[in-house]
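> Would you mind keeping the following structure in view while I ask a few things?
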Amino acid sequence: MKNTTALKFWLDDFALDHPLFIAGPCSAETEEQVLKIAHQLKDSKTSIMRAGLWKPRTRPGNFEGVGALGLKWLQKAKAETGLMIATEVANANHVDLALNHDIDVLWIGARTTVSPFIVQEIANALKDTDRIVLIKNPVNPDLDLWLGAVERFYSANVKKLGVVHRGFSTYEKTKYRNNPEWQIPIDLQTRFPDLPLLLDPSHISGNSNLIFELCQTALDLNYNGFMIETHPDPKNAWSDAEQQVTARQFIEITKKLQPRKTKGEGEFQEILEKLRTKIDIIDGQTVELLGKRMKIADEIGVLKKKNNVAILQAERWNQILKRMLLEGKNQNLNEEFILRVYRAIHQESINHQTKN
Ligand code: PEP
Ligand code: MN
């Protein structure tokens, strides 16, 4: 697959003067809930309403979706509001059902994108379709696997394609449910600048309070749109309750988002803004890592106190310094700089340990 401006024609057809918004509940729960949110979203900037019918759940025993029963609720929502409708498909049977019920947009979930066999099965079932197909990143941070899935659809002559960045699984939990790893979509954008790129801040954050800031970062990185889980009563949602917003909150977010300041101000400004956004992301990660390091220092402090061991262990400190000077050299970092940074980090660790 090669980059071509034809990749974004379907998005241009929306003729929007703002990013594309896809909003709607994590899961369709009841007919009433689907119709309620559809009407709440009708006059917002939403073009497409999402609702999951077949829900891939991490552990069995959770709500696994209403299944095919919900298809007619989605059709009704479309008929009553004029919104286009999107749902997740995870096998060829889902595809047949979705195509037969006028679902406009089909998305491939993160747990499906990881499996080339299933992706191929779905791509075959969608061969030559003119429906829009959005491919979420795989749960593991692997750009080639993500692009491989896109290529399987492209080769099946599915040409209205887009990708959705929903973050990546990590064992150690950060402030996000799924780590954004912004570098991966940025690399994807560099290789396929015309492939529409959407952000799913809901599954990245796992927390409705973080949706806005994630969307703004994505907008600064030139993303084309958003998929935001929106529910009439988030607290009582049957799945992903913590990350869903109300229609009112969703509308606030769409109003608050600032288009990139540099629009039309030339290439220099545009590149500069993009690089600055990258720096902002890395600065955020740096401080988060320092916070984690100090928490471990706190634990060591408690342990040393319990065992009556001195806080400053010169040998250990020399080891750290030696290792970091070597790492620094590999990264082309000045020795004096590493010394200054590590002295400060070490001092702060000692402060943390002595607090206990
Ligand atoms: C979803 O969009 O509801 C979903 C299950 O997403 P993901 O595949 O990103 O986990
Ligand atoms: Mn969800």
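The values are calculated or read from the model by the stated rules, or taken from the named source; none is laboratory data. All figures in this text were calculated on a predicted structure; none of them were measured in a lab. We place every Cβ from the backbone using ideal geometry, glycine too, and count neighbours over all the protein chains shown. Calculation scope for accessible area: heavy atoms of the full protein, side chains included, ligands and nucleic acids excluded. Shrake-Rupley method; radii C 1.70, N 1.55, O 1.52, S 1.80 Å.
> For the stretch 91-120, enumerate the residues that are within 24 Å of THR46 (Cβ to Cβ) and not in a helix (DSSP H, G or I).
Across the stretch 91-120, the qualifying residues are HIS101, ASP102, ILE103, ASP104, VAL105, LEU106, TRP107, ILE108, GLY109.
> OK, next. Evaluate the stretch 19-35: report whether one residue or more is within 16 Å of ligand 2 (Cβ to nearest atom), more than 29 Å from TYR223 (Cβ to Cβ) and open to solvent by 30 Å² or more (accessible area, probe 1.4 Å).
Looking for residues that are within 16 Å of ligand 2 (Cβ to nearest atom), more than 29 Å from TYR223 (Cβ to Cβ) and open to solvent by 30 Å² or more (accessible area, probe 1.4 Å), one finds none in the stretch 19-35, hence no.
> Taking the stretch 147-172 as the search range and keeping residues that are aromatic (Phe, Trp, Tyr) and more than 17 Å from LEU106 (Cβ to Cβ), which one is least open to solvent (accessible area, probe 1.4 Å)?
PHE168
> I would also like to ask the following. Cβ-Cβ under 6 Å, sequence separation 6+ or interchain: first residue in the stretch 231-259 and more than 13 Å from LYS36 (Cβ to Cβ), partner part of a strand (DSSP E or B) and among the aliphatic types (A, V, I, L, M). Which pairs?
Partner pairs satisfying both residue conditions: PHE250/ALA23; PHE250/ILE228.
> Give the residue that is nearest to LEU20 (Cα to Cα), with candidates limited to residues of the stretch 220-244 that are open to solvent by 40 Å² or more (accessible area, probe 1.4 Å) and within 14 Å of ligand 1 (Cβ to nearest atom).
Among residues in the stretch 220-244 that are open to solvent by 40 Å² or more (accessible area, probe 1.4 Å) and within 14 Å of ligand 1 (Cβ to nearest atom), the one nearest to LEU20 (Cα to Cα) is GLU242.
> Something else about it: Take LEU214 and decide whether it is farther than 18 Å from ASP144 by Cβ, under 10 Å from the mean Cα position of the chain (by Cα), of a type in the set (A, V, I, L, M) and assigned to a helix (DSSP H, G or I).
yes
> Quick one: is GLN269 modelled with pLDDT under 90 and touching a Ser or Thr at 6+ places or on another chain (Cβ under 9 Å)?
yes
> Then there is this: For the structure I just gave you, tell me whether ASP200 is closer than 24 Å to ALA15 by Cβ, within 16 Å of ligand 2 (Cβ to nearest atom) and among the acidic types (Asp, Glu).
So ASP200 passes the test.
> So in the stretch 57-71, with the set limited to residues that are farther than 22 Å from GLU32 by Cβ, of a type outside the set (Ser, Thr, Tyr) and loosely packed, with under 12 Cβ neighbours inside 10 Å, which one is nearest to ligand 1 (Cβ to nearest atom)?
Among those that are farther than 22 Å from GLU32 by Cβ, of a type outside the set (Ser, Thr, Tyr) and loosely packed, with under 12 Cβ neighbours inside 10 Å, it is ARG59.
> Additional query: Which of the residues that make up the stretch 126-146 are assigned to a helix (DSSP H, G or I) and surrounded by fewer than 19 Cβ atoms within 10 Å (Cβ to Cβ)?
Once the filter is applied, which keeps residues that are assigned to a helix (DSSP H, G or I) and surrounded by fewer than 19 Cβ atoms within 10 Å (Cβ to Cβ), the stretch 126-146 yields LEU143, ASP144, LEU145.
> Please work out if ASP104 is more than 16 Å from ligand 2 (Cβ to nearest atom), among the charged types (D, E, K, R) and open to solvent by 40 Å² or more (accessible area, probe 1.4 Å).
No: the conditions fail for ASP104.
> Pull up the stretch 36-56, narrow it to residues that are more than 16 Å from ligand 2 (Cβ to nearest atom) and in a loop (DSSP other than H, G, I, E, B), then point me to the one that is least open to solvent (accessible area, probe 1.4 Å).
That would be SER44.
> Considering LYS306, LYS329, which residue is farther than 30 Å from PRO25 by Cβ and either in contact (Cβ under 8 Å) with a residue 40 or more places away in the chain or surrounded by 10 or more Cβ atoms within 10 Å (Cβ to Cβ) (or both)?
It is LYS329.
> Within the stretch 207-219, does at least one residue satisfy the condition of being open to solvent by 30 Å² or more (accessible area, probe 1.4 Å), at pLDDT below 95 and among the small types (Gly, Ala, Ser)?
Checking the stretch 207-219: not a single residue is open to solvent by 30 Å² or more (accessible area, probe 1.4 Å), at pLDDT below 95 and among the small types (Gly, Ala, Ser).
> Just checking, does the stretch 255-271 include any residue being in a helix (DSSP H, G or I), charged (D, E, K, R) and farther than 28 Å from SER44 by Cβ?
Yes, some residue in the stretch 255-271 is in a helix (DSSP H, G or I), charged (D, E, K, R) and farther than 28 Å from SER44 by Cβ.
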